[in-house]
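Some notes on the structure that comes next.
The values are calculated or read from the model by the stated rules, or taken from the named source; none is laboratory data. None of the values given here were measured: they were computed from a predicted structure. With ideal geometry, Cβ positions are generated from the backbone for all residues, glycine too; neighbour counts draw on all protein chains shown.
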Amino acid sequence: MPFLMLLANCAGPQSTFDASGREASAIENLILLTAVSAAFIWLVVVLLLVYAARARREPLSEEQAQRFITWGGVITPTAVLFALLSYAVWSMPATRPWFDRQDADVAIEVTGEQFWWRIRYLDALGAVVFETANDLKLPVDRRVRILLKAHDVIHSFWIPALAGKMDMIPGRTNTLWLEPTRIGSFRGPCAEFCGTSHALMNLSADVLPWEDFEAWRQSRVQMRATRKTAGNAFLVHGCAGCHSLDGTEARGLVGPNLTGLRERKRLGAGAMANTPENLARFIRDPSSIKPGAQMPAFPMIPQDDLRKIVDYLAGEP
Ligand code: CUA
């Protein structure tokens with residue numbers, strides 16, 4: 001029964017054993033092959049041990065013993081390890097596609113921040129088209145190039161169902177390629193301890209059909225182009241000092257870009273469900289939800305104004 005429970009945990013939006021991307025499939029195959037091979041070798045060794053303990057037979061002659069050691073101790077392990085190494089090396093191009101470098105269909109830059117993900121969609125020349133946070137949208141069956149950066153400390157980017165893990169290091173840009181092969185919602189935890197709220201730093205990744213992805217991208221570009229005005233309470237209480245709302249005078253760059261916040265499933269990089277009540281709680285005292293969060297508490301905002309800010313962000317597309 002416990003074994004079945006273990007198997008049940010192999011599925012889900014954050015599982016290496018539920019591969020939904022080209023790179024993740026290569027990794028999954030490698031894990032399965034090495035695990036099954038190791039289990040088989042273990043079984044053979046155990047059977048030999050049992051046999052050796054029980055069999056009543058004459059001691060081997062010196063020549064027989066030598067042959068046994070040569071085959072069992074040198075040739076077989078070398079052949080098995082060489083075969084496994086060959087497979088691992090052969091599967092590397094799938095996880096590190098600098099071998100078959102083709103142009104990316106989509107280029108994205110993701111920066112690790114304490115404790116959230118700054119996401120920028122880039123054009124073909126690498127210029128930023130728009131910025132968002134914590135919610136990654138990807139097209140299915142397309143090559144995606146993700147530039148990984150860090151603003152403060154080392155974080156690590158890892159969506160187990162889609163691709164391998166890669167560190168985000170301050171002062172350095174790492175490049176991860178991935179190609180989702182299945183439509184769905186996936187989850188990526190920060191995989192390098194980065195401070196008190198490391199465990200509350202989760203990325204959500206939605207894989208969409210190409211047309212839906214394009215439609216979403218267009219709608220985001222339009223949000224930037226349509227000139228609106230940020231909610232008055234939002235400006236009066238200084239939210240715009242840190243946060244941007246595309247197309248408005250709110251252009252703060254310190255915190256997450258809040259454009260399209262109402263579309264996001266969760267708040268605070270996965271910390272809680274995206275509801276007006278949770279949003280109000282977060283604005284009042286972020287550290288009570290995410291210890292060590294850079295955003296200060298706002299106990300001084302009158303309840304009426306807080307309600308206005310929440311209504312504005314919940315209604316703002
Ligand atoms: Cu970011 Cu751990």
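For residue 146, the criteria (1) within 16 Å of the ligand (Cβ to nearest atom); (2) under 25 Å from residue 284 (Cα atoms) hold in every case but one, which is (2). For beta carbons closer than 8 Å, sequence separation of 6+ or different chains, a first residue in region 186-202 that is near the ligand (Cβ under 7 Å from one of its atoms) and a second that is at pLDDT 95 or above and acidic (Asp, Glu), the qualifying pairs are 192/167; 198/192.
Among the residues of region 124-133, not a single one is within 23 Å of residue 15 (Cβ to Cβ) and either within 15 Å of the ligand (Cβ to nearest atom) or basic (Lys, Arg) (or both). Residues considered: 19, 53, 26, 65. Of these, the only one that is surrounded by 13 or more Cβ atoms within 10 Å (Cβ to Cβ), part of a helix (DSSP H, G or I) and at pLDDT below 90 is 26. The residues on offer are 160, 170, and the sole one that is more than 10 Å from the ligand (Cβ to nearest atom), buried (at least 18 other Cβ atoms within 10 Å of the Cβ) and either over 17 Å from residue 26 (Cβ atoms) or not assigned by TED's automatic domain parsing to the domain that holds residue 24 (or both) is 160. Of all residues in region 149-175, those that are under 11 Å from the mean Cα position of the chain (by Cα), among the aliphatic types (A, V, I, L, M) and farther than 19 Å from residue 10 by Cα total 1.
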